[in-house]
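Asker: Below is one structure. I have some questions about it.
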Ligand code: PMP
């Protein structure tokens, strides 16, 4: 690629964006590495099917292409004087603007002083960053919900006093439930809520909830880790956090968006180079946000990848994406719910969730279901508690006494009876055939027939592995342990 002339610098990134968009297609859109053959317990290789998009996604083709295109131009940004540094700085700042636009806001227009996008590692870092920057006191109240991922619980419970919105047996709550928590005294300083559950795919009625909080003068942070790849972000939220690796840009960048004013005063979350205007040994002059919030060398490649993903998703369009994922969600959730012995957690199959489904299989531990899907079918799902323990315990109907018992077992180092579920989660690349492949495999497991190979469980992790000749499956870390039939 030939570099842009000096006076053309501002156009350089847009040119490449247009090239990426030129390769768009309607979903399903394949991801890098889709269908790669992996070894199974019977010695055969099968095409790998990832149904773990809610945890992390592979890269979109245009994201990889954009990163490869950018790599020869990679250089230090912001204070580098060279030509490549200026190109890289331009691309990095373009990615920041793209993130703001993706969040439904511009850097100047929406509120007094405008909003900033802070490029960070991921949603977890973004929420911890915000919890630090809001300078909460232990007595301050943050309203949050029992449906949150730990990333949107622990930063708040560490910095302040949390008040929790409860959910019903189906894992949902309504605007009035949130309003009631907001109305209690002392008045909350913040509402921290998920845009979509990583366990059930359920989306709280965010528009009404944000309006209810704003009516009461309470700012809102939305954990958009699950929402970002699937739905437009709520432009009315004061703060938003999301991760590139869940939206087909697995290069280590995430975003925190919020009002510039919230970051204008006080110490940044990270102190160091790039966040300052002037340092003397006894005085620091912090620079303006967003640079004030991005001490250290930034993840330029991650930001470039994130922008490529934003451009690609925007080019495909929400209508096409949403209608594809609604079809997949319908097939997945109805299909699982209709298999005898399978219990779908959360709201019913018609609840209009993201293409995510958590389920249990009667008489088969969740860890064994996941192990069998991997070893016999080359299907990658997730099992366990999905970093949202309070929500999962409610979905499973466990009491506080049950939770106490599990905690005692874990303290003893025994995870063999850990409660949990299996989660299948889909995305832009998932086809109807992929879902049928999963459903057929789950039906075989739920049928009660013994597995074709024996499995053993490691009580320290709770995980199952096939044993005998099939145990290795090409993995370097497998070691043999006494084997029991699955
Ligand atoms: N929130 C939700 C709802 C999530 O699903 C996740 C990841 N599973 C996170 C936050 C944390 O995201 P990350 O690991 O990218 O920080």
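Asker: Looking at the calculated P(r) for the range 340-424, what percent of the C-alpha pair distances fall above 22 Å?
Answerer: Taking all Cα-Cα pairs of the range 340-424, the fraction more than 22 Å apart is 28 percent.
Asker: Per 0.36 nm of contour for each residue apart, how much would the distance between residue 410 and residue 76 grow if the chain were fully extended, relative to their Cα-Cα spacing?
Answerer: Additional length available on full extension: 115.6 nm.
Asker: Which order do peptides 51-64, 451-464 fall in by mean Cβ count within 10 Å, highest first?
Answerer: Packing order, densest peptide first, comes out as 51-64, 451-464.
Asker: If I take all pairs of Cα atoms in the range 83-315, what percentage of them are more than 27 Å from each other?
Answerer: 32 percent
Asker: Mind ranking 252-258, 171-177 by how tightly packed they are, going by the mean number of other C-beta atoms within 10 angstrom, highest first?
Answerer: 252-258, 171-177
Asker: Something else about it: Tally the DSSP beta bridges in the range 83-315 and give the antiparallel ones as a percent, rounded to 5.
Answerer: 50 percent
Asker: Please figure out what share of the DSSP beta bridges in the chain is antiparallel and state it in percent, rounded to the nearest 5.
Answerer: 65 percent
Asker: For the chain, take every pair of Cα atoms, bin their distances at 20 Å starting from 0, and report each bin as a whole percent.
Answerer: Going from the shortest bin to the longest, the percentages are 22, 52, 24, 1.
Asker: If you take every DSSP beta bridge fully contained in the range 187-330, what fraction is antiparallel? Give it as a percent rounded to 5.
Answerer: Here the antiparallel bridges make up roughly 55 percent for the range 187-330.
Asker: Going by average Cβ density within 10 Å per residue, which order do the peptides 328-336, 197-205, 429-437 take, highest to lowest?
Answerer: 197-205, 328-336, 429-437
Asker: Right, here's the next one. Which FRET efficiency, nearest 0.05, do residue 327 and residue 32 yield, Cβ-Cβ r, R0 30 Å?
Answerer: With a Förster radius of 30 Å, E is 0.80.
Asker: For the pair residue 318 and residue 183, what calculated FRET efficiency results from E = 1/(1 + (r/R0)^6), where r is the Cβ-Cβ distance and R0 = 30 Å, to the nearest 0.05?
Answerer: It comes out at approximately 0.35.
Asker: For the pair residue 362/residue 396, report the inter-label distance in nm, with labels modelled 7 Å from Cα in the Cβ direction.
Answerer: Placing both labels 7 Å along Cα→Cβ, they lie 1.9 nm apart.
Asker: OK, next. Each label point is 7 Å from the Cα along the Cα-to-Cβ direction; what then is the distance between the points at residue 461 and residue 161, in nm?
Answerer: Reported label-point gap for residue 461 and residue 161 is 4.2 nm.
Asker: Report the per residue volume, in Å³, of the convex hull enclosing the C-alpha atoms of the range 317-470.
Answerer: Dividing the Cα hull volume of the range 317-470 by its residues yields 118 Å³.
Asker: How many nm is it between the label spots at residue 214 and residue 282, if each spot is 7 Å from the Cα in line with the beta carbon?
Answerer: Modelled inter-label distance: 4.7 nm.
Bear in mind that the values in this text are calculations on the coordinates, not laboratory data. All figures in this text were calculated on a predicted structure; none of them were measured in a lab. As a convention, Cβ positions derive from the backbone with ideal geometry for all residues, glycine included, and neighbour counts pool all protein chains shown.
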